[in-house]
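Only one structure is covered here, and it is reproduced in the block below.
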Amino acid sequence: MGGWMNLALRSPYLPTSLSQLIRTPLTFSIALKIMPLLTSPPQPYPLIGQELALELLTRAIALERLPSAYLFAGPEGVGRSSAARYFTSLLFGANVSDSKSSLITHRLATGNHPDLLVIQPTYIHEGELLTKNQAIERGLERKTAPLIRIEQVRAITEFLSRPPLEATKQVVIVEQAETMNEAAANALLKTLEEPGEHGIFILIAQGIESLLPTIVSRCSLIPFYRLSPSDLKKVLLALGHEEILPHSELLMMAQGSPGKAIAFFEQLRSIPDALLQALTRLPLSLRSALELARVIDSTLSVDTQLWLCGYLQHYYWQKTHNSHLLQQFDQTHHYLTSHCQSRLVWEVTLSRAGVENW
């Protein structure tokens, strides 16, 4: 057993049931069951760098010891959601032909399988629940964060009230479970206590401390971790995002999260090239600083300006190791979140960056 598995066995956060599971000797009959799972056709990146999660999930299927609820806990963007769908494809694809297994995988990827329900945080707009992506598609801007609401938990109960239509199990994936409001969390707890014969829950959250202890106690923990720099690069290459690799500042900002690296790259591409080039050529003359502040204020949303503060911190730290600039951009972020006039904030920031910090 590898070093990562020995480390996992000593983890105080590993539930007893899973600890016993991974200690189960691999008899020949069990090995025959688990090897096809481990050597199945390559899937998208989710389990690169997440060997413990792969081991726990594939063994659970091979040993037919499936709890009614899992908690996939770990940082955002490291493969939790993709791993949930990969695990679901293993569940639904057991004992079926290769052609049917490929069809199942495709239907899961497109959200078109009748035995899978995915719950995401939502906004309420004119009485309708909208996910963040749906709100963006409609051009709606929200200052508050989306939530998982009691109406969605009721939809889960209705979904589990019928038998599976195609698979032997029904899977409910709850994304960003830490965003449940109090009513939703209490309702979900009751559902977890009586999940039905065929239901399997996968709650995805950043950590066990972000959920009610009573909910955590009813789940089997599957831990996810930040990726090493080499695994992060492997994932980005596997997903066709090799263009991100030269941006060392983005890789540093991502902190082992491929999802964040991709999101940050898209954020970077949303900033006009001329503006970005000017911002990465400090110091500036006073006239240039004032003009650049005007362009930032008129071109970028406040959210993008806040992200830009962090990006410039990482960029200039790698380039100059100038701690004064880091403090300056920290202050910029603070003033922007304090609803100060953004043009004035950037005028002060860029003029000081040009005069005081070089």
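Sub-7 Å Cβ pairs linking a first residue in segment 130-142 that is in contact (Cβ under 8 Å) with a residue 24 or more places away in the chain to a second residue that is polar (S, T, N, Q), at least 6 apart or interchain, number zero. Of the residues contained in segment 248-269, one or more are found to be of a type in the set (Lys, Arg), closer than 20 Å to ALA73 by Cβ and in a helix (DSSP H, G or I).
Pairing each residue of segment 98-117 that is within 15 Å of LEU165 (Cα to Cα) with any residue that is of a type in the set (Ser, Thr, Tyr), provided the two are 6+ apart or on different chains, yields C-beta distances under 7 Å for ILE104/SER89; LEU108/THR88; LEU108/SER89; LEU116/THR88.
Please state which one of ILE208, ILE202, ILE244 is closer than 18 Å to PHE72 by Cβ and surrounded by 19 or more Cβ atoms within 10 Å (Cβ to Cβ). Can you show your working first?
Numbers: ILE208 fails: surrounded by 19 or more Cβ atoms within 10 Å (Cβ to Cβ); ILE244 fails: closer than 18 Å to PHE72 by Cβ.
Among ILE208, ILE202, ILE244, only ILE202 is closer than 18 Å to PHE72 by Cβ and surrounded by 19 or more Cβ atoms within 10 Å (Cβ to Cβ).
Out of LEU188, LEU165, which single residue is surrounded by 18 or more Cβ atoms within 10 Å (Cβ to Cβ) and within 21 Å of HIS198 (Cβ to Cβ)?
Numbers: LEU165 fails: surrounded by 18 or more Cβ atoms within 10 Å (Cβ to Cβ).
Every option except LEU188 fails the conditions.
Among the residues of segment 237-253, those identified as out of contact with any Pro (no Cβ under 8 Å at 6 or more places or on another chain), under 13 Å from TYR315 (Cα atoms) and of a type in the set (A, V, I, L, M) are LEU250, MET252, MET253. Quick check, is THR332 out of contact with any helix residue (DSSP H, G or I) (no Cβ under 7 Å at 6 or more places or on another chain) and among the β-branched types (Val, Ile, Thr)? Judged against the criteria, THR332 is not a match.
Here is a check on your reading of the model: is PHE72 in a helix (DSSP H, G or I) and either surrounded by 14 or more Cβ atoms within 10 Å (Cβ to Cβ) or within 16 Å of the chain's Cα centre (by Cα) (or both)? Talk me through it step by step, then tell me what you get.
On the way: in a helix (DSSP H, G or I): no; either surrounded by 14 or more Cβ atoms within 10 Å (Cβ to Cβ) or within 16 Å of the chain's Cα centre (by Cα) (or both): yes.
Against the criterion (in a helix (DSSP H, G or I) and either surrounded by 14 or more Cβ atoms within 10 Å (Cβ to Cβ) or within 16 Å of the chain's Cα centre (by Cα) (or both)), PHE72 does not qualify.
Laboratory data are not the source of any read-out in this text; all were calculated from the coordinates shown. This structure is a prediction, so every number in the text was calculated from the model and none was measured. So basically every Cβ, Gly included, is an ideal-geometry build from the backbone, and we count neighbours across all protein chains shown.
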